[in-house]
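Below: one structure, written as structure tokens.
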Amino acid sequence: MSPELIAIVMFGLLVIGLFMGHPLAFVLGGTAVLGAVIAGKPMVLGIIINRIFGDVLDNFTLIAIPLFVLMARFLSDSGVTDKMFESLRLLLAQVRGGLALAVVFISILLAATTGIIGASITVMGVMALRPMLQYGYSPSLTAGVIASSGCLGILIPPSIMLILMSSYSPLSVGELFAGAMLPGVLLGLLYAGWVTIVAIVRPDMAPAVQPDEKISRGALWRMLAIEAVPPLVLIVGILGTMLAGVATATEASAIGAALALVIVIMRRKFEWKTFYGALLETGRTSAMILFIVVGATAFTGVFNITGGLRAVQDVMRGLDMAPWMLIAVMMFIVFILGAFLDWTGIVLLSFPIFLPIVQEMGISLLWFVVLMAIVLQTSFLTPPFGYALFYLRAIAPPSVKTSEIIAGVMPFIGLIIAMCLLVAFFPSLVTWLPENLYGPK
């Protein structure tokens, strides 16, 4: 069987399995087995097993994933963001769009301390959704700002996605964290800018409100400053030690988990029941991610050995496009895949195809990977399989329609595309910080 036909068959099986509703990990693994058998090379499965044990189970960088998940759960249990949001909500209440701005700013801080999308959206949804609706905010704007701001966790370090990207590319976790820092924060500020514009143009969608609580602004600023100390200590403990070269990603994740547990204890929120629940959730989440990694490793391994990978790369090289056009095609493919796959599968399926071509063109690999990370923000927001939409639908009251949630995220998808264009035209947004920390490459 020709490599081109193998590529078509394997991708066809992958699509069929996904549309049948089977879990991604098992679809990838099952397609690998069927692909090897159909290609007449079942012996390659032995090589794939060796690769799984050597490249996945022996990859120490991946240990950071369960530790960061555990840290996120500890931070959620500590309730450290509740009073921060409450004080910021009261400070900005009389500003048009103030509650939405509070959601964006707290989400940026959450992204820099958790990196778990489900946790960020759930926490912000529980705290902000009903108050915003009660104060007269548009349901679409409310849903859009909570869902999109909650997704910043996969871009702003520490990000589990960036850790996985580092494991399957020549880039270090520190380089990726540094490269994604500025674009991630700028994207959050773009969200805040959009909320401000909406509040000015359509004040009925984001009104100023008069809070019931009578607390002096000085007291509110003091409360905000005090409550901001634990997350800032956590950020310095994780990113500071990594970017300074004191700790590796795995060591920094351990530091973060320990500091988060200390925060829980100091805030007198520690209970054995919640501690046990945190361990169980960490195990479930980590197992889900690693199952997908194992399945994708099997799929790409069979795809490579049977010649399908080379066939797809040859097709892309044969497009005879300018480098910027080829990069645009790659980003468009990632965007379309994001509507149907989760980011883990997209990264593990696309990296073996895209990265060698990008290196051949002499394009900065760091810039390309961060650009792809920005595009992958949309994978949580684009229907029909946008996970952020599902998380928000689960906690939103029945009065908020699913169509309003989808309509609400559309402007923010446009802002993500605008951020991609900014990074494309100004690559230094990605490369400036890594070059100053680690030197030019």
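The values are calculated or read from the model by the stated rules, or taken from the named source; none is laboratory data. Since the model is a prediction, treat every value here as computed from it, not as a measurement. Using ideal geometry, Cβ is built from the backbone for each residue, glycine included, and neighbour counts are taken over all protein chains shown. The area values use the complete protein model at the heavy-atom level, side chains included, leaving out ligands, DNA and RNA. Shrake-Rupley method; radii C 1.70, N 1.55, O 1.52, S 1.80 Å.
Only one entry of THR142, THR114 meets the criterion of being over 20 Å from GLU281 (Cα atoms) and buried (at least 24 other Cβ atoms within 10 Å of the Cβ), and that entry is THR142. Restricted to the stretch 12-22, and to residues that are closer than 20 Å to SER350 by Cα and either in contact (Cβ under 8 Å) with a residue 40 or more places away in the chain or over 25 Å from the mean Cα position of the chain (by Cα) (or both), which residue is least open to solvent (accessible area, probe 1.4 Å)? Taking the candidates together, the pick is LEU14. Of all the criteria given as (1) surrounded by fewer than 16 Cβ atoms within 10 Å (Cβ to Cβ); (2) of a type outside the set (Val, Ile, Thr); (3) part of a helix (DSSP H, G or I), the one not satisfied by ALA373 is (1).
The number of residues in the stretch 321-337 that are open to solvent by 70 Å² or more (accessible area, probe 1.4 Å) and touching a helix residue (DSSP H, G or I) at 6+ places or on another chain (Cβ under 6 Å) comes to 0.
Among the residues of the stretch 392-417, those identified as modelled with pLDDT of 90 or more, open to solvent by less than 40 Å² (accessible area, probe 1.4 Å) and either outside any helix (DSSP H, G or I) or touching a Leu at 6+ places or on another chain (Cβ under 9 Å) (or both) are ILE405, GLY408, VAL409, PHE412, ILE413, LEU415, ILE416. The number of residues in the stretch 142-168 being touching a Pro at 6+ places or on another chain (Cβ under 9 Å) and farther than 22 Å from PHE351 by Cα comes to 2. When each of ILE156, ILE163, ILE197 is tested for being surrounded by fewer than 17 Cβ atoms within 10 Å (Cβ to Cβ) and either over 19 Å from ALA388 (Cβ atoms) or under 18 Å from the mean Cα position of the chain (by Cα) (or both), the lone residue that passes is ILE197. Within the stretch 244-251, can one find any residue that is closer than 27 Å to VAL423 by Cβ, open to solvent by 20 Å² or more (accessible area, probe 1.4 Å), small (Gly, Ala, Ser) and touching a residue at least 60 places away in the same chain (Cβ under 8 Å)? Yes, because at least one residue in the stretch 244-251 is closer than 27 Å to VAL423 by Cβ, open to solvent by 20 Å² or more (accessible area, probe 1.4 Å), small (Gly, Ala, Ser) and touching a residue at least 60 places away in the same chain (Cβ under 8 Å). Within the stretch 386-408, residues that are over 15 Å from LEU141 (Cβ atoms) sit with their Cβ atoms under 8 Å from residues that are open to solvent by 80 Å² or more (accessible area, probe 1.4 Å) and assigned to a helix (DSSP H, G or I), at 6+ positions apart or across chains, in these pairs: ILE395/VAL126; PRO397/ARG130. Note on the stretch 31-61: residues that are open to solvent by 30 Å² or more (accessible area, probe 1.4 Å), small (Gly, Ala, Ser) and within 16 Å of THR297 (Cα to Cα) amount to 2. Exactly one residue among GLY318, GLY283 is surrounded by fewer than 19 Cβ atoms within 10 Å (Cβ to Cβ) and either without any contact (Cβ under 8 Å) to a residue 40 or more places away in the chain or under 21 Å from GLY21 (Cβ atoms) (or both), and that residue is GLY318. Does ARG310 qualify as being open to solvent by 10 Å² or more (accessible area, probe 1.4 Å), at pLDDT below 90 and under 27 Å from VAL56 (Cα atoms)? So ARG310 fits the description; yes.
Scanning the stretch 424-438 for residues that are in a helix (DSSP H, G or I), among the hydrophobic types (A, V, I, L, M, F, W, C) and free of Cβ contacts under 8 Å to residues at least 12 places away in the same chain yields a total of 1.
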